[in-house]
Amino acid sequence: MAEVKVIDVSPGDLKGYISSFVVIDEKVAVIDPGPETGYPKLKAGLEELSVKPDIVVATHVHLDHAGSAAHLMKDFPSAVVYAHPRGVQHVVDPSKLYEASFKVAPILPQTYGRPLTASPERVLAAPDGAVIVLGGSRLRIVHTPGHASHHMSVLLEPEGVLFTGDSAGVIFTVKGREVMLPTTPPPFKPKMYYDSVERMIALKPAKVAPTHFGVHDNALAWLRRAEEQVVSWLKVLRNVTGDDYREAAIEALAKSDADVGLLVSAGEEFMVRGFLENTIDGLIDALRRGEPLPP
């Protein structure tokens, strides 16, 4: 059985925001190496575990997930990176992604840093259903679009650990309580997101491991919560109008969802500005564009 270790690669003084997962078998895999600014923490964590990665898997190419991929390739010359076919070019040359991120939420590129370019011959496309053998265990690639068109999740078999990236929400600990939020940045696809979660439920994982944050038991309960939450938030936000909608949206969600209420009352600025506002923007944008909605 493979071991799964969590390295906290949250940038700066932040803690409990971004996980990088290390799967240790005959080969060692790093799933979501994290942001460029978090790489010193990742490297130190790998040294503490006394392992050298052979395989790097990016669930998607957003800065907080794949930003350190090229750093790993530089420091571990035999390592290869797997990404969704649509994401490969952005791992190789992340410049367009980095510049575009300033238009979405400037706090994110400012916090996560600018990724290095990567050697194209070592960045491999991972088709849906691909299997990466580590030894006695294997990683199964499951394309899960919605959060992003190039998103994929990873099932560790036979252990039943599902690494969801951002495809099924985030789970943070706030004041000692686990809080879930959807992960729905623009241009969000609600029906696609919902269908991807349905697909993950059908895999019947034992544990769920969102990059934000950690490994959690009762995977099916968390996945169903992710479905229910995005549906309920869409219903609440239908009634929010105007261009300056964020404050009204947060107030409405805080009343309808206890997790949001706790997050806001706790004064977690980075969670609100870095995650919650971006999530609201994506949901509002999807509603205004008339995107297909889940049932």
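The values are calculated or read from the model by the stated rules, or taken from the named source; none is laboratory data. All figures in this text were calculated on a predicted structure; none of them were measured in a lab. Please note: Cβ atoms are built from the backbone with ideal geometry, for glycine as well, and neighbour counts cover all protein chains shown. Areas reflect the complete protein model, heavy atoms only, side chains present, ligands, DNA and RNA absent. Shrake-Rupley method; radii C 1.70, N 1.55, O 1.52, S 1.80 Å.
General remarks:
- Among residues of the range 3-26 that are free of Cβ contacts under 8 Å to residues at least 60 places away in the same chain and over 14 Å from residue 64 (Cα atoms), those with a Cβ under 7 angstrom from a residue that is assigned to a strand (DSSP E or B) and open to solvent by 50 Å² or more (accessible area, probe 1.4 Å), sequence gap 6+ or separate chain, pair up as 22/5; 24/3; 24/5.
- Filter result for residue 241 (open to solvent by less than 60 Å² (accessible area, probe 1.4 Å), of a type in the set (Ser, Thr, Tyr) and either free of Cβ contacts under 8 Å to residues at least 60 places away in the same chain or more than 30 Å from residue 159 (Cα to Cα) (or both)): no
- Filter pass, residue 56 being touching a residue at least 24 places away in the same chain (Cβ under 8 Å), among the aliphatic types (A, V, I, L, M) and open to solvent by less than 10 Å² (accessible area, probe 1.4 Å): yes
- When the range 185-226 is filtered for residues that are among the aliphatic types (A, V, I, L, M), touching a residue at least 24 places away in the same chain (Cβ under 8 Å), open to solvent by 50 Å² or more (accessible area, probe 1.4 Å) and part of a helix (DSSP H, G or I), only 192 remains.
- Filtered by the rule that a residue be under 12 Å from residue 179 (Cα atoms), open to solvent by less than 60 Å² (accessible area, probe 1.4 Å) and hydrophobic (A, V, I, L, M, F, W, C), the range 259-275 gives 260, 262, 263, 266, 271.
- The helices (runs of 4 or more DSSP H) found entirely in the range 52-155 that carry 1 or more residues being aromatic (Phe, Trp, Tyr) are 95-104, 107-112.
- Scanning the range 51-87 for residues that are farther than 21 Å from residue 168 by Cβ and out of contact with any helix residue (DSSP H, G or I) (no Cβ under 8 Å at 6 or more places or on another chain) turns up 51, 54, 55, 74, 76, 77, 78, 85.
- For the range 156-182, the set of residues classified as in a loop (DSSP other than H, G, I, E, B) and either open to solvent by less than 10 Å² (accessible area, probe 1.4 Å) or at pLDDT 95 or above (or both) consists of 158, 159, 160, 166, 167, 168, 169, 182, listed by residue number.
- Any chance residue 246 is among the basic types (Lys, Arg), modelled with pLDDT of 95 or more, open to solvent by 20 Å² or more (accessible area, probe 1.4 Å) and in contact with a helix residue (DSSP H, G or I) (Cβ under 8 Å, 6 or more places away or on another chain): no
- Among residues of the range 109-131 being open to solvent by less than 30 Å² (accessible area, probe 1.4 Å) and within 20 Å of the chain's Cα centre (by Cα), the one that is modelled with the lowest pLDDT is 109.
- Scanning the range 255-279 for residues that are under 26 Å from residue 111 (Cα atoms), free of Cβ contacts under 8 Å to residues at least 60 places away in the same chain and touching a helix residue (DSSP H, G or I) at 6+ places or on another chain (Cβ under 6 Å) turns up 261, 264.
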